[in-house]
Amino acid sequence: MTDHDHRQRTAHPGASPRLILVLALVCGAAVGNVYFPQAVSPLVASGLDVSPDAAAAVVTATQFGYAAGICLLVPLGDRLPHRPLLVTLLTVTGFGLLAASAAPGLVPLVGASALVGVTTVVAPLAGPLVARLVPKERLGVTGGTLLSGSLAGMLLSRAVGGALGDRLGWRAPYVLAAVLSLAVAALSARLLPRTTPLSTQRYPALLAEPLRLLRTEPALRRSCLYQALVFAGFCAVWTGVAPLLTGPAYGMGAGAAGLLALVNSVTMVCTPVAGRQVDRRGPDAVNRVCFLMVGASAAVLALGGLGGLVGVTALVVGTLLLDVGMQSGMVANQVRIQTLRAEVRSRLTTAYMTCAYLGGAVGSWLGMRAYGRFGWPGVCVLVAALTAVALTRHLSPHDAGAPPAVRRAGSAARRRPAAGVGSDHGSTSRRDLA
């Protein structure tokens with residue numbers, strides 16, 4: 001029996017439901033650190049006696065730090081064991097949040113926020129870890145569960161952070177987030193399995209690898225393009241909806257957009273369902289449905305400019321369609337890249353997340369420009385145009401359209417496992433995951 005065969009037979013049979021829920025909790029706690037500063041930014045301005053524009057630097061520093069962490073730290077998921085890496089990042093994040101809570105002025109707060117952003121990149125590392133622990137036929141549903149945890153963290157952190165800040169001041173949300181980060185760090189140290197690194201490359205080579213993978217992996221490029229375009233439309237809508245709701249059509253308060261986002265929290269239950277469909281039908285079929293949903297959302301959202309009950313109903317239904325389409329497409333895209341090559345999963349995730357994040361930033365910028373020049377209809381046309389580009393690319397011929405057996409055979413012929421590295425699940429033995 002060869003070493004590869006032995007690894008295949010001793011592969012871990014699958015992660016327990018408890019472990020998947022723990023990882024979803026870890027993802028939610030980490031992602032929340034990026035978003036709750038948005039809710040407390042006005043409180044920071046009044047608490048530190050600075051202008052709102054200056055206080056917004058805290059949010060910007062956290063977001064840019066997160067983007068830097070994706071590029072600089074996520075590739076280490078292929079080079080270092082997952083458990084100590086995740087525990088270390090969560091611990092540093094916790095102490096960074098404590099430093100932020102005690103910051104005497106804006107400059108130290110911005111510095112601590114940048115550190116928190118860099119180190120809170122646990123969610124992009126959790127996906128490759130799960131891909132090592134579960135069989136391919138369960139990647140979709142487990143990925144959907146992790147995404148649900150991330151979405152819960154994003155939504156609840158804003159709501160809880162704002163409410164707690166109103167009652168106890170802007171420092172209280174940072175203390176709560178710090179306690180939560182340190183608690184999930186302790187939980188991760190106890191429950192996460194041990195894994196062996198899949199790469200021995202030096203750090204500079206790890207950083208350069210995502211660019212090379214973008215050049216050599218067509219399926220990765222497709223997933224990046226799909227998510228960048230759809231996420232750009234998603235961010236354009238949520239950037240434009242705030243001035244729409246506070247403008248003459250509705251005349252609502254600044255919290256109206258937050259309430260609309262809270263209504264959309266019901267979409268969290270859709271991602272595991274989408275994951276099961278990915279497992280049954282494949283990523284391409286789910287992507288196609290998602291593009292149609294996002295395109296339909298643009299048409300429904302256009303009615304939101306009418307105002308009144310009809311407009312509110314259109315905004316609720318349209319954003320629900322948009323959110324479900326974007327999130328379900330994300331599950332499909334992540335499954336597609338996680339099944340490419342086991343030994344470079346974290347670097348594949350780095351390339352994917354960076355492209356998606358850049359797409360969202362560009363979408364926010366385009367959304368504000370479209371709203372400023374053409375109003376709400378301009379935003380809806382932008383979403384429709386972005387979706388049309390993605391759907392056109394999806395309907396054009398590509399290698400993923402080949403039968404699964406052909407794709408597996410072609411992949412096996414192209415790939416030569418490195419020493420000590422087996423196939424997707426065969427790369428990790430029971431001893432390594434004990």
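Read the figures in this text as sums done on the coordinates, not as results from a lab. Note that this is a predicted model, so its numbers are computed, not measured. Heads up, the Cβs are rebuilt from the backbone with ideal geometry, glycines too, and the neighbour counts pull from every protein chain shown.
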* Asked: Can you give the helix-only mean residue ellipticity at 222 nm for the chain, where every DSSP H stretch with n ≥ 4 adds -39500 (n - 2.57) and the sum goes over all residues, rounded to the nearest 500 deg cm²/dmol?
  -> -26000 deg cm²/dmol
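Could you work out the Rg to Rh ratio of segment 3-194, with Rh taken as the Kirkwood radius (inverse of the mean 1/r over all Cα pairs)? All intermediate terms of the calculation are to be shown ahead of the outcome.
On the way: Rg = 17.7 Å, Rh = 17.1 Å.
Result for segment 3-194 is an Rg/Rh of 1.04.
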* To do: Pop a pseudo-label 7 angstrom from the Cα along the beta-carbon direction at both Phe374 and Val266 and give the gap in nm to one decimal.
  => 3.0
* Quick one: divide the alpha-carbon radius of gyration of segment 211-401 by 2.2 N^0.38 Å and tell me what you get. => 1.04
* Structure fact -> Site Ser396, offset 7 angstrom along Cα→Cβ, radius 20 Å on amide nitrogen, limited to segment 217-241, gives 217-233
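Compute the Kirkwood hydrodynamic radius of segment 264-317, taking the inverse of the mean of 1/r over all pairs of distinct Cα atoms, and give it in Å to one decimal. Show your work: numbers first, answer last.
Working: mean 1/r = 0.0793 Å⁻¹.
Kirkwood hydrodynamic radius for segment 264-317: 12.6 Å.
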* Could you list, by residue number, the cysteines of the chain that have no other cysteine's beta carbon within less than 4.7 Å of their beta carbon? => Cys27, Cys71, Cys235, Cys270, Cys290, Cys380
* To do: Using a 10 Å cut-off on Cβ atoms, rank the peptides 128-140, 187-199 from the highest mean neighbour count down.
  => 128-140, 187-199
* Calculate the length of the line joining the C-alpha centroid of segment 300-339 to that of segment 201-217, in whole Å. => 33
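Just to be sure I follow: if Rg is taken over the C-alpha atoms of segment 35-89 and Rh is the Kirkwood radius over the same atoms, what is Rg/Rh?
Values: Rg = 15.5 Å, Rh = 13.0 Å.
The Rg/Rh ratio comes out at 1.19.
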* Asked: Pulled fully out, how much extra length does the chain show between Val107 and Ala189, if you take 0.36 nm times their separation in residues and subtract their Cα-Cα distance?
  -> 26.2 nm
* To do: Tabulate in residue order the Karplus-calculated ³J(HN,Hα) for segment 288-297, using 6.51 cos²θ - 1.76 cosθ + 1.60 with θ = phi - 60°, rounded to whole Hz; enter x for Gly and Pro.
  => 4, 4, 5, 4, 5, 5, 5, x, 5, 4
* 3J(HN,Hα) from dihedral phi, segment 268-279, Karplus parametrisation 6.51/-1.76/1.60, rounded to Hz, x for glycine, proline -> 4, 6, 7, 5, x, 5, 4, x, 5, 5, 5, 4
